[in-house]
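Q: Got a structure for you, questions after.
The values are calculated or read from the model by the stated rules, or taken from the named source; none is laboratory data. On a predicted model such as this, the values are computed, not experimentally measured, just so you know. Counting neighbours? That spans all protein chains shown, and the Cβs are built from the backbone with ideal geometry, glycine included.
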Amino acid sequence: MPDSLSTLDTPAALIDLPRMQRNIQRMQQRMDALGVRFRPHAKTSKCTPVVQAQIAAGARGITVSTLKEAAQFFADGITDIVYAVGMVPARLPQALALRRQGCDLKIITDSVASAQAIAGFGRAEGEVFEVWIEVDTDGHRSGIKPHEAALLDVGRALHAGGMRLGGAMTHAGSSYELRTPAALQAMAEQERAGCVHAAERLRAAGLPCPVVSVGSTPTALSATQLQGVTEVRAGVYVFFDLVMHNVGVCGIEDIALGVLTTVIGHQADKGWAIVDAGWMAMSRDRGTQKQQQDYGYGQVCSADGTPLPGYLLSGANQEHGIVSRSAAPDADIATRFPLGTRLRILPNHACATGAQFPHYQALAADGSATPWSRLHGW
Ligand SMILES: Cc1ncc(COP(=O)(O)O)c(C=O)c1O
């Protein structure tokens, strides 16, 4: 075991760099083969070296979920940024400030009210905002349905209001509820076809719509053709997690984020080992609970990342985690995992687990660990 795994303070958020690099290469190669640009979602890592690795592999621009991420990554030298959360009037001054500094920030909307507010503010400030219209292709969250009349109303409010109507974008988040390749392919096609249809309706109405932007990790990894799409966005693929494993788009051995933890005690009669990773480290996310395999608060691995089948983080208090065997209590747990044993726990949801930590430990193939800071808050 590399020294770092026995000396790092725990709990620690480990990024297994060889796994992360493989995930980045796999996605980029897929996007290249499908003939689309790739715009990773930085909300998963919120970490500059991770995003730099994605760009080095061929990504063009990034997606963010907060304006704080936009400001951070712009300060790091990335200018092509989509803020992919519906714009509200109160945030327009922040968006304006970023654009005035030279950030090519794109914003999104899915309502006439928001489009009018953007156009009104833009005109008052002498700024032409680039705005993409959010399209709802799967009934999952926000957006305008591709066939709805409101799509053209929003397009006109922006275009006639003097803003740049830059494109249509969608995120088929309901792909997380699927698990068969056929269903995932069908969802990817629904996402593609719906967004392309929305763009074609805008164009047929004489409105510009150069960008057609789609994506989620499951659909990006399942699409068989992306005709009419100009770019794909995906986020969690960079680390993957147990939810994605249950969806069927990665192996356990692809999961690049894990929490290094130490065994701090036992309840041998219950078959428990107590570790220092509770929900404060793993997050409260129980995303696998409603999937075909429930991993509790995470899959237990040896410190080097080798899964220990059947051993789960079955319970989590704030700073205590309970490791147990899912099938039957392990009467030998105290000898199997003696006090001080280091374990690695793979998370249900990488974005949520990463968010518990102010920095990651980037674990290289040679076993060295480097702290990488991570953005927090809004
Ligand atoms: C608007 C938008 N685009 C893209 C993504 C990326 O999805 P995933 O993390 O499944 O790759 C998300 C994730 O929530 C999103 O909200």
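Q: Filter the stretch 200-254 down to residues that are in a strand (DSSP E or B) and away from the ligand (no atom under 12 Å from the Cβ) and give me whichever is farthest from Lys145 (Cα to Cα). Can you show your working first?
A: Within the stretch 200-254, the subset in a strand (DSSP E or B) is 211-214, 231-232.
Pick out the ones that are also away from the ligand (no atom under 12 Å from the Cβ) and you get 211-212.
Values: Val211: 17, Val212: 15 Å.
Ranking the qualifying residues of the stretch 200-254, first place goes to Val211.
Q: How about the stretch 33-68: which of its residues are charged (D, E, K, R) and crowded, with 21+ Cβ neighbours inside 10 Å? Break it down into steps so the answer makes sense when it comes.
A: Kept after step one, since they are charged (D, E, K, R), are these residues of the stretch 33-68: 37, 39, 43, 46, 60, 68.
Scanning the stretch 33-68 gives Arg39, Lys46.
Q: Among the residues that make up the stretch 171-190, is at least one of them more than 28 Å from Asp16 (Cβ to Cβ), among the acidic types (Asp, Glu) and in contact with a strand residue (DSSP E or B) (Cβ under 9 Å, 6 or more places away or on another chain)?
A: No, there is no match, as no residue in the stretch 171-190 is more than 28 Å from Asp16 (Cβ to Cβ), among the acidic types (Asp, Glu) and in contact with a strand residue (DSSP E or B) (Cβ under 9 Å, 6 or more places away or on another chain).
Q: Mind checking which pairs have a first residue in the stretch 72-84 that is under 24 Å from Asp136 (Cα atoms) and modelled with pLDDT of 95 or more and a second that is in a helix (DSSP H, G or I) and within 16 Å of the ligand (Cβ to nearest atom), Cβ under 6 Å, 6 or more apart or different chains?
A: From the stretch 72-84, the pairs are Ile81/Ala70; Tyr83/Ala70.
Q: Now, a different point. Is it true that Gly173 is surrounded by fewer than 24 Cβ atoms within 10 Å (Cβ to Cβ), closer than 14 Å to Cys209 by Cα and within 16 Å of the ligand (Cβ to nearest atom)?
A: On the way: surrounded by fewer than 24 Cβ atoms within 10 Å (Cβ to Cβ): yes; closer than 14 Å to Cys209 by Cα: no; within 16 Å of the ligand (Cβ to nearest atom): yes.
In short, no.
Q: Could you give every pair whose Cβ atoms fall below 6 Å, whose first residue belongs to the stretch 41-64 and is under 12 Å from Ala234 (Cα atoms) and touching a residue at least 12 places away in the same chain (Cβ under 8 Å), and whose second residue is polar (S, T, N, Q) and within 13 Å of the ligand (Cβ to nearest atom), counting only separations of at least 6 or pairs across chains?
A: Correct list of pairs: His41/Thr63; Lys43/Ser65.
Q: Further, regarding this structure: What is the number of the single condition among (1) without any contact (Cβ under 8 Å) to a residue 60 or more places away in the chain; (2) more than 18 Å from the chain's Cα centre (by Cα) that Met1 does not meet?
A: (1)
Q: Give Thr66, Thr44, Thr10 a once-over and let me know the one that is under 30 Å from Gly321 (Cα atoms), within 13 Å of the ligand (Cβ to nearest atom) and not aromatic (Phe, Trp, Tyr).
A: Going through Thr66, Thr44, Thr10 in turn, the sole match is Thr44.
Q: Another one. Collect the residues in the stretch 320-365 that are assigned to a loop (DSSP other than H, G, I, E, B) and more than 22 Å from Ser4 (Cβ to Cβ), keeping them in residue-number order.
A: So in the stretch 320-365, the residues assigned to a loop (DSSP other than H, G, I, E, B) come out as 320, 326-332, 337-341, 347-349, 355-358, 364-365.
Answer for the stretch 320-365, where residues must be assigned to a loop (DSSP other than H, G, I, E, B) and more than 22 Å from Ser4 (Cβ to Cβ): His320, Ser326, Ala327, Ala328, Pro329, Asp330, Ala331, Asp332, Asn348, His349, Ala355.
Q: Let me ask another. Taking only pairs six or more apart or across chains, which ones have beta-carbon atoms under 9 Å, a first residue in the stretch 176-202 that is over 17 Å from Gln293 (Cβ atoms), and a second residue that is among the basic types (Lys, Arg) and outside any helix (DSSP H, G or I)?
A: Going by the 9 Å Cβ cut-off, the qualifying pairs are Gly194/Lys145; Ala198/Lys145.
Q: Which of the residues that make up the stretch 69-113 are part of a loop (DSSP other than H, G, I, E, B), surrounded by fewer than 14 Cβ atoms within 10 Å (Cβ to Cβ) and over 20 Å from the mean Cα position of the chain (by Cα)?
A: Answer for the stretch 69-113, where residues must be part of a loop (DSSP other than H, G, I, E, B), surrounded by fewer than 14 Cβ atoms within 10 Å (Cβ to Cβ) and over 20 Å from the mean Cα position of the chain (by Cα): Gly77, Val88, Gln101, Gly102.
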